[in-house]
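In what follows, a single structure is set out as structure tokens and then discussed.
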Amino acid sequence: MMDYRRIRVRRYKEIVAVFTKHGFGFLVKQLRPHYSLRRKDGISDAGTTPDNAGTSAGRRLKMALEELGPTFVKLGQILSIRQDILPVDIVEELKKLQESVQPFPFSEVKMLIEAEFNDDLEHIFAEFDEVPVAAASISQVHRARLISGKQVAVKVQRPEIERVIDMDIDILKDMARFLDHHTKYGRIYDFGDMVADFENTIKNELDFTQEGENADTFTLNLSRDEGVTVPKVKWIYTTRRVLTMEYFAGIKISDSVALDLADIDRRKIAERLATSMCNQILRDGFFHADPHPGNIQVMPDGTIIFLDLGMVGRLNESRKRSISNFFMGVAFKDSRMVVNSIFDMDTMTARSNVKNFEKDIDELIEQYLTMPMNEMKIDKLLYKIFRIAFLNHVKTPRELALLSKTMATLQGLLGKLAPDLNALAIAEPIAKKLRYQSFSARKMEGRIKKGLLDYWDLLSEFPAVIQNLLHKAADADFAVQFEMKEMDKLQRRLERISNRMSLSVILLAVSIIIAGALISSGLNASKSSEMYLLNIAVLKTCLASAAIIVLGLVISMIRSRR
């Protein structure tokens, strides 16, 4: 336990030192929950002067994350989708994080594979290239040949990487708790939930069998699309830390020169890529969430190959419908449809912001969405919508944030392949088609059947619920609690109205008594002096009584208000 604490403290020191070196010491100073830790273990308060002064904040942050290793590189990639939180210049730098690192030695690769399969490497693969074809912070890929002669790509996890990531995630959880409890942003964005989501994402990437299952799902979904596929998994040669898949020697999709030399129509490739991504999002609800150029290859026949399937986005039916409505709202320039599609994702923290949010979206439509569809840029559009959402305290769903990053990356690729092609122009007809298909007889029948089953479940449970209620009603302590929102304010207002009515009635009664006394005194004043004096005494008594009654009523009202 002490060794773990010592290692953890050392890691804290490293994080503080790296962020300080790159000019973010002022942020470290604000994370006061670790102040006692710094005092005990010699972690000095961080400064604010960067070693690379003059470099942009986004560039310095990217360098700091790269220096801190795989956990923080992955964190930077996740943060690159949060255009609602970070400035656009920082987001653009974080998008450049591609995890290009030095490979680890072949001796460690051999040791890990043999430990995973409990056999010698020579008995598993007929050939195995010692030099990797690609290296990242979590794994590296080697080319190999199976005993059957089939060429494969073998992805091998870095040794000890899981232990390092677990420690870094513990540190991030501490920081998230502080941000949630001590900053204004914690009231809008649940940073603890963000870290939990990040932990789930990176843990899935550490489990290569999960990536293999993703590949199988893509294989099934993409079978409906022409000219798009993913490598097939060789499950016999796959474990949690080793993934073996088909090997493809394709052309990097961003290599325009190589595509032209291979006589491949770049516009056709761009249209095929955009159509596939939109189908993955809107039709399948299961999409490649990191389609940067290094993860997409093109074969000589024009077939597109998606690689590195560890990071995926998932959308349930409700989310797919909302996102389809979002794209249709943009296409139809309908701010109400755009706003409602975002509300359908349960994003509002206060319904009072609805009108302001809709008004701001209307203004955005006037300024931006009135331009022709082929001139709209999805990344800029979504960034503006996210900023409006942030200012109106609308929480951006992770799915929409991840989707926006994916579409922005896609638009960047399209810009290199066919500059005049727009992802929104591809998404619009697909969204319309799928929306209209949702009203088909078969799907309507399915929804009706599901609704009938839900009602049947409700009716079958109804007798038991009623019986339980009757049993409780027979108990002596049965009580029904009914609470109205802001009931105390309503009660105070009713008390004030009641007090005013009581005061008015009593003043009216006192006025009638005094008026009667005055009239009586006037009628009897000429009869005798004794009667006159009696009338005066009665009048004084009435006035004194009225004053006491009014004073008592005022005191009672003041006390009741307190």
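The values are calculated or read from the model by the stated rules, or taken from the named source; none is laboratory data. Given the structure is predicted, the values throughout are model-derived calculations rather than measurements. We place every Cβ from the backbone using ideal geometry, glycine too, and count neighbours over all the protein chains shown.
Values computed for the structure shown
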{"item": "Verdict on Glu213 being in contact with a helix residue (DSSP H, G or I) (Cβ under 9 Å, 6 or more places away or on another chain), assigned to a helix (DSSP H, G or I) and not assigned by TED's automatic domain parsing to the domain that holds Val312", "result": "no"}
{"item": "Some residue of segment 137-144 being closer than 30 Å to Ile251 by Cβ, modelled with pLDDT of 85 or more and exposed (fewer than 15 other Cβ atoms within 10 Å of the Cβ)", "result": "no"}
{"item": "Any pair with Cβ under 8 angstrom, 6 or more apart, that starts in segment 41-68 at a residue that is within 25 Å of Val164 (Cβ to Cβ) and ends at one that is at pLDDT below 65 and not basic (Lys, Arg)", "result": "Ile43/His34; Ile43/Leu37; Ala46/Phe26; Ala46/Val28; Arg60/Pro50; Arg60/Asn52; Met63/Asn52"}
{"item": "Failed item, numbered, when Arg224 is tested on (1) in a loop (DSSP other than H, G, I, E, B); (2) at pLDDT 95 or above", "result": "(2)"}
{"item": "Flag for Phe287 being at pLDDT 80 or above, under 30 Å from Thr244 (Cβ atoms) and touching a Lys or Arg at 6+ places or on another chain (Cβ under 9 Å)", "result": "yes"}
{"item": "Subset of segment 317-345 [within 18 Å of the chain's Cα centre (by Cα) and of a type in the set (Val, Ile, Thr)]", "result": "Ile323, Val338, Val339, Ile342"}
{"item": "Selected residue (criterion: farthest from Thr238 (Cα to Cα)) from residues of segment 151-187 that are in a strand (DSSP E or B) and of a type outside the set (Gly, Ala, Ser)", "result": "Gln151"}
{"item": "Meets criteria (at pLDDT below 95 and among the β-branched types (Val, Ile, Thr)) for Val133", "result": "yes"}
{"item": "Residue in segment 197-210 that is surrounded by the fewest Cβ atoms within 10 Å (Cβ to Cβ), counting only those that are touching a residue at least 40 places away in the same chain (Cβ under 8 Å) and either aromatic (Phe, Trp, Tyr) or outside any helix (DSSP H, G or I) (or both)", "result": "Phe198"}
{"item": "Where a residue in segment 88-114 is closer than 23 Å to Thr71 by Cβ and surrounded by fewer than 19 Cβ atoms within 10 Å (Cβ to Cβ) and its partner, wherever it lies, is polar (S, T, N, Q) and at pLDDT below 85, with Cβ under 9 Å and at least six apart", "result": "Glu92/Ser80; Lys96/Ser80; Gln98/Gln77; Glu99/Gln77; Glu99/Ser137; Ser100/Ser137; Val101/Ser137"}
{"item": "Any hit, segment 32-53, residues being of a type in the set (D, E, K, R), within 27 Å of the chain's Cα centre (by Cα) and either assigned to a loop (DSSP other than H, G, I, E, B) or at pLDDT 55 or above (or both)", "result": "no"}
{"item": "Unmet requirement for Asn221, which otherwise passes all of (1) out of contact with any Phe, Trp or Tyr (no Cβ under 9 Å at 6 or more places or on another chain); (2) surrounded by 17 or more Cβ atoms within 10 Å (Cβ to Cβ)", "result": "(1)"}
{"item": "Candidates Ser148, Ser107 - the one that is assigned by TED's automatic domain parsing to the domain that holds Gly212, among the hydroxyl-bearing types (Ser, Thr, Tyr) and in a helix (DSSP H, G or I)", "result": "Ser107"}
{"item": "Hey, Ile378 modelled with pLDDT of 75 or more and aliphatic (A, V, I, L, M) or not", "result": "no"}
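Yes or no, residue by residue, for (1) farther than 30 Å from Lys355 by Cα; (2) of a type in the set (Gly, Ala, Ser); (3) surrounded by fewer than 20 Cβ atoms within 10 Å (Cβ to Cβ):
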position: Ile385; (1), (2), (3): no, no, no
position: Leu391; (1), (2), (3): no, no, yes
position: Leu410; (1), (2), (3): yes, no, no
position: Lys416; (1), (2), (3): yes, no, yes
